[in-house]
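The structure appears below as structure tokens.
The values are calculated or read from the model by the stated rules, or taken from the named source; none is laboratory data. All of these numbers come straight from a predicted model, not from anything done at the bench. So basically every Cβ, Gly included, is an ideal-geometry build from the backbone, and we count neighbours across all protein chains shown.
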Amino acid sequence: MSGRISRRTFLKGAAVLAATSGVSWSATKAYRWLSPAEAAPLAREEKVVRTVCSPNCWQTCNHLVTVREGKVVKIAPAPMPDPEYNRICLRGLTHIQRLYHPDRLKYPMRRIGERGEGKWERISWDEALDFIAGKFKELRDKYGPQAIAVVHQSGNYGLLNGGYGGAYRFAGVLESVLASGSVDQAVSIGFSSALGTGIFDAYCNECADWVNARTIILWGSACAESQINEWHFIWEAVEKGAHLVVIDPIYTTTAQKAHTWVNLRPGTDIAFALGMLHVIITRGLVDKEFTLNKTCAPFLVREDNRLFLRQGEKPLVWDTRSGRAVPYDTPDIVPALEGQFEVNGVKCTTAFSRLKTVVQDYNPAKVAEITGVSPEVVVKVATLLATNRPGGIKFGFGADRYHHADLLGQAMITLLGLTGNIGKSGNILGMFFAGFDPMVYNVNWLLPRGTSPKMLPLIQLQDTVIRQNPYPIKAFYITCSNLLVQTSDRNRWLREVWPKLELVVAVDQFFNNTLNYADIILPAAHYYETEEIVLSGDVPYVLYRQKVIEPLWEARPDWEIYRGIASRLGLGQYFGSIEEECAKWLDMPLMRQQGIDYQRLKKEQAIRFLPKPYIPWQDGKFKTPTGRLEFYLEKKVPQGEELPVFKWPLEAGPDSPQAAKYPLILITRHEKFRVHSQYENQPWLREINPEPFVDLNPQEARKRGIGDGDLVEVFNDRGHVTLRCRYNEAIPPGVAHIQQGWWFYRDGHHQELTHARYKENTLNYSFFDVRVEVKKV
Amino acid sequence: MRNRVFLLDITRCIGCRSCELACKSEYHLAEGQSFRRVYELEWLTPEGLVVLYLSLACNHCEHPECFRVCPHRTYRKRRDGVVIHEAGRCDGCGRCVQACPYKAPQFDQERGKVDKCHFCYARLDAGLLPVCVEACPTGALNLREGEENLADTVDKIPGLPDPILTGPSLRFRLSGRLKHLLNRPNILGSFL
Ligand code: SF4
Ligand code: SF4
Ligand code: SF4
């Protein structure tokens, strides 16, 4: 039933549509919309077009798409300049079904019933754009430009049509609110602070270099399922003798491949990391050379205010030769790594000494108590990272989904720094992500001539609308986002936020359980139906997406929709032609230096813009003010988090007030069948993954009298979801697991169970920091 | 004549099913039809449940049972070993579906005929890899040519029919602890 619900809701809508506008869609409803192809292609009109698939798996695969008599009939991986980046996956291979899916949105539509009721009428593009622009104008006049919020997520990496390019331009030009982010950023905030970079900068060695690693720690990463095309690099390292550690409470396909599986309790990752630091420090496994010269370890920290002792701007270190405190970059000194010092009456100790104090309690035995992992494993993993080098830590976003995940990121980068696993071939620093680095982030293009949106972290959007403060938001323009499926506390959206909105515009390809609550629906063009530059994910290229076919039915690329609305408000000049805009975007120093312009990109389609191999930090100079790896974060002194400390998460910890009532921690992880919520309704993928389940360890299920396959309700104080239970020994007792990204359930939704509480400095969704109970229905 | 085999590196395979989807996409297969299928073998270890993935299609056997039982001579074996099902002659009697120990031939409700993997022979003839091999993102699924190059492979996996029956063009590689599987033939039972 589950998948059918979406269909039924939609059919209901379609029936109304047929009745009101006299248009029947039944002709397109036939399931067998494709006839089996012949083994050998017949000599018919045929062309092969190279293009890019770009949802938020970040793999940005290049596809060779065969078009026969105007119809896409075949998809294959395209050859890349470096063949190790040839790639495709099960999801990308279903684009034929996605393009020609009978449920695809075909026309702009206007709601004619209540929100969520599913009654729509077809309207023309002109009507739709006139209406939206008219309403925008009215709201802007009455409440100011921030009455409108452009809401976007990661649905597309295209420059013009994606969430990170065109949406910025659109919101900037409107001077509206731009609500985005708040997902996947907490670990990275802690991690990248020490490097002095942004959270999605290219701070890691490119994936092709990972094959040189000797120790690989996948931390909260189900890479073999969620980033399928990165797996072969990891596995090649393993085949060359690398030791693979996977840290994950769930025995995932990825964990099953590990030499060492660290099956810690959910939410105790920081304690495990502190235990590793303890082992590395107390057993003398620190890379002294790197730690002393490339990190902030020897910087003197004042005991009175825990800030660095400085002379002018420069932190001081204790020079053991002269016996005095001198600026850290004074030549010919031998700084002390640890110790107590007094400088002009101020008591100081080094950052390293402070770290040593912080981790001293986290001996392997104590860590074992907190995490449930044996003390030997703590010692083993720490020793591997420190001695079996080069090595690295790749974080996924499993461990990111708890309240204090930034502290884990701080601990991870400290581990890599202390073990000297930075700046060398074979090091892995968290994640390799190339497309959003400042060197390719053309801010002048994104926000031309001083236009600027009001940036609002997505997780604050609910509060902002409810309180109408700091912005009087009255309208949403949702694009590249299945907002009500991919953000938390769904009931709060629908009960408290939605009633305050006078207009909800949503742009997408299907009725995905967000669109059914919109007022105006605009059909978006598919990846293959657009032309643009694509921001790379985990590949070192700038990419060109060629248009394979014209948009089907009345679908339009996002960029054209922006232009349509903006031009009605007298702002059309900001939305130029594809040719013009792509050329302008490429006009940045890094591309100019390498002679990469749009004509060349159109010809070559994938051009490497990073050196080969790409290994950052080889010179040991970081982007922090001191150029050192600053794992001691002065800005977090007020919270007592200048160094990583262990804190239980909000709900998932045993100390949570919810623990007694809701004994299970809800983990909603990515599996291989979707990219977030994209591809949810692809028939071929549904065949192998037909309906949502809550996975329970049989032990937990039996305790509740639940049989394998029984219908159950998962619930907490915030909401509920009804679905079948599946016995699954890979799930530890104490955990309930649901694949994230399902659009519809029999009743309720898993995002009713999640909350939007956040930590001030991360503003990140803590999707797994959630407790529930399960009962049979 | 069995000079070309599908070689599956079980240790490498992550069960992503890209191979299966590549075939469905290439040949626009109907609901329920998959000429290549990824089977899941469960293996209870002290750590928990290990799932092994076996990506299987038609094995283009040396002694094809399908060929033997078909009353309409629908099947033929090419000189290079590829076993082809000529759908034109098929009347959908389904004997091959019963006879094949690997469940390779599948009945297509819509057309009332059987169909199966034909090794992408048109691609092979053009010097290309089968689409499943081409799409495999881990390099787990491969082709190997020549008997002499099979030394590092095994032809038996617990739970699979004995290769002596039909002489399948199918080999496996296992490394690390998965090698233990070979010594524990009873652990899985038959899964096909
Ligand atoms: S969904 Fe991601 S991994 Fe799959 S083909 Fe598209 S870009 Fe590649
Ligand atoms: S696997 Fe089955 S269908 Fe294929 S050749 Fe062997 S017996 Fe025939
Ligand atoms: S595509 Fe490769 S890795 Fe994926 S299931 Fe098939 S054989 Fe295994």
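Flag set for B:A104, criterion: touching a residue at least 40 places away in the same chain (Cβ under 8 Å) and either more than 16 Å from ligand 1 (Cβ to nearest atom) or more than 15 Å from the chain's Cα centre (by Cα) (or both). When A:W684 is tested against (1) in contact with a Lys or Arg (Cβ under 9 Å, 6 or more places away or on another chain); (2) assigned to a loop (DSSP other than H, G, I, E, B), only condition (2) is not met.
So which residues in segment A:375-429 are of a type in the set (D, E, K, R) and assigned to a helix (DSSP H, G or I), if there are any at all? The answer is A:E376, A:K380, A:D400, A:R401, A:D406.
In contact with a Phe, Trp or Tyr (Cβ under 7 Å, 6 or more places away or on another chain), touching a residue at least 24 places away in the same chain (Cβ under 8 Å) and either of a type in the set (V, I, T) or more than 24 Å from A:V183 (Cβ to Cβ) (or both): is that true of A:D103 in this structure? Considered against the rule, which asks whether it is in contact with a Phe, Trp or Tyr (Cβ under 7 Å, 6 or more places away or on another chain), touching a residue at least 24 places away in the same chain (Cβ under 8 Å) and either of a type in the set (V, I, T) or more than 24 Å from A:V183 (Cβ to Cβ) (or both), A:D103 comes out as yes.
A quick yes/no check of all residues on (1) away from chain B (no Cβ under 14 Å); (2) among the basic types (K, R); (3) on the phi > 0 side of the Ramachandran plot; (4) in contact with a Leu (Cβ under 6 Å, 6 or more places away or on another chain):
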| residue | (1), (2), (3), (4) |
| --- | --- |
| A:D619 | yes, no, no, no |
| A:T626 | yes, no, no, no |
| A:L629 | yes, no, no, no |
| A:L643 | yes, no, no, yes |
| A:P649 | yes, no, no, no |
| A:K661 | yes, yes, no, no |
| A:E680 | yes, no, no, no |
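If you go through segment B:144-177 and keep only what is touching a residue at least 40 places away in the same chain (Cβ under 8 Å), away from ligand 2 (no atom under 16 Å from the Cβ) and either more than 14 Å from chain A (Cβ to nearest Cβ) or in a loop (DSSP other than H, G, I, E, B) (or both), you end up with B:R144, B:E145, B:G146, B:E147, B:L150, B:T153, B:L174, B:S175.
Scan segment A:437-479 residue by residue and report those that are aromatic (F, W, Y) and within 19 Å of A:L763 (Cα to Cα). Matches in segment A:437-479: A:Y471 only.
Hey, does segment A:56-66 have a residue that's of a type outside the set (G, A, S), touching a His at 6+ places or on another chain (Cβ under 7 Å) and within 13 Å of chain B (Cβ to nearest Cβ)?
no
Return a yes/no flag: does segment A:268-276 have any residue that is of a type outside the set (G, A, S), farther than 18 Å from A:I333 by Cα and in contact with a Cys (Cβ under 8 Å, 6 or more places away or on another chain). Within segment A:268-276 (the criterion being of a type outside the set (G, A, S), farther than 18 Å from A:I333 by Cα and in contact with a Cys (Cβ under 8 Å, 6 or more places away or on another chain)), the answer is no, since none of the residues qualifies. Among residues of segment B:9-27 that are within 13 Å of A:H232 (Cα to Cα), those with a Cβ under 7 angstrom from a residue that is within 14 Å of ligand 1 (Cβ to nearest atom) and among the charged types (D, E, K, R), sequence gap 6+ or separate chain, pair up as B:C16/A:K672.
A single member of B:R78, B:R4 is away from chain A (no Cβ under 14 Å) and closer than 17 Å to B:A122 by Cβ, and it is B:R4. Only one entry in A:N161, A:N156 is polar (S, T, N, Q) and either surrounded by fewer than 24 Cβ atoms within 10 Å (Cβ to Cβ) or over 17 Å from the mean Cα position of the chain (by Cα) (or both), namely A:N161. The single residue among A:R771, A:R746, A:R757, A:R718 that is farther than 17 Å from A:I665 by Cβ and of a type outside the set (G, A, S) turns out to be A:R746.
Residue by residue, here is whether (1) free of Cβ contacts under 8 Å to residues at least 60 places away in the same chain; (2) more than 16 Å from ligand 3 (Cβ to nearest atom); (3) of a type in the set (A, V, I, L, M, F, W, C); (4) touching an Asp or Glu at 6+ places or on another chain (Cβ under 6 Å) holds:
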position	(1), (2), (3), (4)
A:C207	no, yes, yes, yes
A:E239	yes, no, no, no
A:T260	no, yes, no, no
A:K294	no, yes, no, no
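Residues that are in contact with a Lys or Arg (Cβ under 9 Å, 6 or more places away or on another chain) number at least 3 in the following helices (runs of 4 or more DSSP H) confined to segment A:194-259: A:223-226, A:231-239. Given the conditions (1) under 22 Å from A:L93 (Cα atoms); (2) modelled with pLDDT of 95 or more; (3) hydroxyl-bearing (S, T, Y), which single one is not true for A:S536? The one condition A:S536 does not meet is (2).
Considering only residues of segment A:238-258 that are within 11 Å of chain B (Cβ to nearest Cβ), closer than 20 Å to A:C207 by Cβ and over 21 Å from the mean Cα position of the chain (by Cα), which is surrounded by the most Cβ atoms within 10 Å (Cβ to Cβ)? Ranking the qualifying residues of segment A:238-258, first place goes to A:K257.
To keep it simple, each residue is scored yes or no on (1) part of a loop (DSSP other than H, G, I, E, B); (2) within 22 Å of the chain's Cα centre (by Cα).
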| residue | (1), (2) |
| --- | --- |
| A:W58 | yes, yes |
| A:H63 | no, no |
| A:T66 | no, no |
| A:V72 | no, no |
| A:I75 | no, no |
| A:P81 | yes, no |
| A:E84 | no, no |
| A:I88 | yes, yes |
| A:T94 | no, no |
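Number of residues in segment A:655-687 that are over 26 Å from A:I189 (Cβ atoms) and free of Cβ contacts under 8 Å to residues at least 60 places away in the same chain equals 3.
Being within 20 Å of A:A224 (Cβ to Cβ) and more than 16 Å from ligand 1 (Cβ to nearest atom): is that true of B:L8 here?
Criteria met by B:L8.
Among the residues of segment B:98-112, the ones that are away from chain A (no Cβ under 14 Å) and more than 14 Å from B:S34 (Cβ to Cβ) come to 4 in all. From the list B:G88, B:G94, B:G112, the lone residue that is modelled with pLDDT under 95, within 13 Å of ligand 2 (Cβ to nearest atom), farther than 25 Å from B:R173 by Cα and over 14 Å from the mean Cα position of the chain (by Cα) is B:G94.
Picking from residues in segment A:222-237 that are more than 9 Å from chain B (Cβ to nearest Cβ) and over 13 Å from A:C89 (Cβ atoms), the one that is farthest from ligand 1 (Cβ to nearest atom) is A:A237. When segment B:38-74 is filtered for residues that are surrounded by 18 or more Cβ atoms within 10 Å (Cβ to Cβ), within 16 Å of ligand 3 (Cβ to nearest atom) and more than 9 Å from every other protein chain (Cβ to nearest Cβ), the ones remaining, listed by number, are B:L41, B:L54, B:S55, B:L56, B:A57, B:C58, B:N59. Filtering segment B:113-143 to residues that are in a loop (DSSP other than H, G, I, E, B), more than 8 Å from chain A (Cβ to nearest Cβ) and among the β-branched types (V, I, T) leaves nothing.
Given the criteria buried (at least 21 other Cβ atoms within 10 Å of the Cβ), within 16 Å of ligand 1 (Cβ to nearest atom) and more than 7 Å from chain A (Cβ to nearest Cβ), does B:E20 qualify? Yes, satisfied.
Summed over segment A:697-738, residues that are within 13 Å of chain B (Cβ to nearest Cβ) and in a strand (DSSP E or B) total 3.
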